[in-house]
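Encoded as structure tokens, the structure appears first; notes follow it.
Bear in mind these aren't lab numbers, they're just calculated from the coordinates by the rules spelled out. Just so you know, these numbers come straight off a predicted model, no measurement behind them. We place every Cβ from the backbone using ideal geometry, glycine too, and count neighbours over all the protein chains shown.
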């Protein structure tokens with residue numbers, strides 16, 4: 001049986017390979033690479049969340065996403081964050097419910113740095129797709145994950161889960 005360290009090393013090797021593939025796709029097809037990786041991530045999010053617990057509560061949904069990631073050996077450690085000027089953790093508006101997320105232990109960011117690629121490219125877009133697919137399965141709502149800040153030690157992102165539209169499941 002593999003130790004956690006061995007599993008992490010194996011995952012990092014896979015992520016380095018993914019970084020190389022992404023660089024090749026970006027060079028070959030340009031901006032279309034973002035669409036391709038977003039759709040791939042969304043499909044993965046749907047698949048891994050197929051048997052996830054359904055909920056309408058955003059905090060519960062994020063806990064379920066964490067559980068799904070952990071169950072599938074994905075090292076995307078994230079936490080919610082309430083900026084000091086924000087009255088509550090989750091803000092609701094016409095665009096939907098939004099929450100700020102901090103990603104500290106991100107296997108994508110680590111592999112990008114190891115391979116020498118910049119952040120915010122097609123591999124990061126794959127993560128956005130994963131969240132979109134997972135939250136669609138868990139909450140039945142569409143979402144958007146946008147980078148507010150991409151850094152060496154953490155990334156800061158805004159997750160917006162769109163309102164349920166009339167007639168939606």
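Full extension from residue 164 to residue 81: what is 0.36 nm times the residue separation minus their Cα-Cα distance, to one decimal in nm?
Result for the pair: 27.5 nm of gain on full extension.
Mind ordering 42-55, 81-94 by average Cβ neighbours within 10 Å, highest first?
So the order, starting with the most tightly packed, is 42-55, 81-94.
What length, rounded to one decimal in nm, is gained on full extension from residue 91 through to residue 43, with 0.36 nm per residue of separation minus their alpha-carbon distance?
Working: separation 48, 0.36 × 48 = 17.28 nm, distance 2.75 nm.
So the chain would gain 14.5 nm between residue 91 and residue 43.
To the nearest 0.05, how large is the calculated FRET efficiency for residue 60 and residue 32 if R₀ is 25 Å and r is the Cβ-Cβ distance?
The pair residue 60/residue 32 has a calculated efficiency of 0.10.
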